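Participant: For reference, the structure I am asking about is given below.
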Amino acid sequence: QVQLVESGGGLVQAGGSLRLSCAASGSIFSINAMSWYRQAPGKRRELVAAITSGRSTTYADSVKGRFTISKDNAKNTVYLQMHSLKPEDTAVYYCYAEMNLYDFWGQGTQVTVSS
């Protein structure tokens with residue numbers, strides 16, 4: 001069974017840092033771009049950052065300069081390093097990947113930034 005499992009969320013004070021991880025497991029023969037999305041209460045899910053198979057990256061304007069997406073191909077894992085966190089970064093963060101030509105989502109991990 002192919003799946004994505006996230007970890008690393010939690011509660012942090014404004015200005016702090018967190019690192020999210022998303023590990024893909026199962027019978028995987030291809031992984032296309034991997035991404036992080038987030039959804040705050042009452043808001044739509046939005047793209048935070050994405051990384052292609054060629055390691056090109058894309059960021060939402062609101063996180064540029066503060067967040068960094070990276071991946072470890074050997075571990076089928078994508079990371080989101082978050083610095084200078086703000087209360088408005090509070091949301092459930094979801095990992096997404098296209099694997100074996102299908103779309104997969106992680107279960108989500110809560111990030112809460114206190115002011």
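Participant: Applying the selection to the stretch 7-65, what residues are at pLDDT 95 or above, basic (Lys, Arg) and over 19 Å from Ser84 (Cβ atoms)?
Facilitator: Selection gives Lys43, Arg44, Arg45.
Participant: Given the options Leu101, Leu85, Leu80, name the one that is open to solvent by less than 20 Å² (accessible area, probe 1.4 Å) and over 14 Å from the mean Cα position of the chain (by Cα).
Facilitator: Leu85
Participant: Evaluate the following for Phe29: is it loosely packed, with under 14 Cβ neighbours inside 10 Å and either assigned to a helix (DSSP H, G or I) or not charged (D, E, K, R) (or both)?
Facilitator: On the way: loosely packed, with under 14 Cβ neighbours inside 10 Å: yes; either assigned to a helix (DSSP H, G or I) or not charged (D, E, K, R) (or both): yes.
Yes; evaluated as a whole, the condition is true for this residue.
Participant: I'd like to check something: does the stretch 4-18 contain any residue that is among the hydrophobic types (A, V, I, L, M, F, W, C) and over 19 Å from Gly108 (Cβ atoms)?
Facilitator: Yes - at least one qualifying residue is present in the stretch 4-18.
Participant: I need the full set of residues from the stretch 42-77 which are open to solvent by less than 60 Å² (accessible area, probe 1.4 Å) and assigned to a strand (DSSP E or B), in order please.
Facilitator: Val48, Ala49, Ala50, Ile51, Tyr59, Phe67, Ile69, Ser70, Lys71, Asp72, Thr77
Participant: Looking only at the stretch 82-108, count every residue that is farther than 19 Å from Tyr59 by Cα, in contact (Cβ under 8 Å) with a residue 24 or more places away in the chain and not in a loop (DSSP other than H, G, I, E, B) and tell me the total.
Facilitator: The total comes to 3.
Participant: Let me ask you something else. Of the conditions (1) of a type in the set (Lys, Arg); (2) under 16 Å from Glu6 (Cα atoms); (3) modelled with pLDDT of 95 or more, Lys75 satisfies every one except a single condition; which number is it?
Facilitator: (3)
Participant: Considering only residues that are over 11 Å from Val92 (Cβ atoms) and surrounded by fewer than 18 Cβ atoms within 10 Å (Cβ to Cβ), which ones fall in the stretch 32-41?
Facilitator: Of everything in the stretch 32-41, those that are over 11 Å from Val92 (Cβ atoms) and surrounded by fewer than 18 Cβ atoms within 10 Å (Cβ to Cβ) turn out to be Asn32, Ala33.
The values are calculated or read from the model by the stated rules, or taken from the named source; none is laboratory data. Since the structure is predicted, the reported quantities are computational estimates derived from the model, not experimental observations. Counting neighbours? That spans all protein chains shown, and the Cβs are built from the backbone with ideal geometry, glycine included. Ligands, DNA and RNA are stripped out before the accessible areas are found, and what is left, the full protein with its side chains, is counted by its heavy atoms. Shrake-Rupley method; radii C 1.70, N 1.55, O 1.52, S 1.80 Å.
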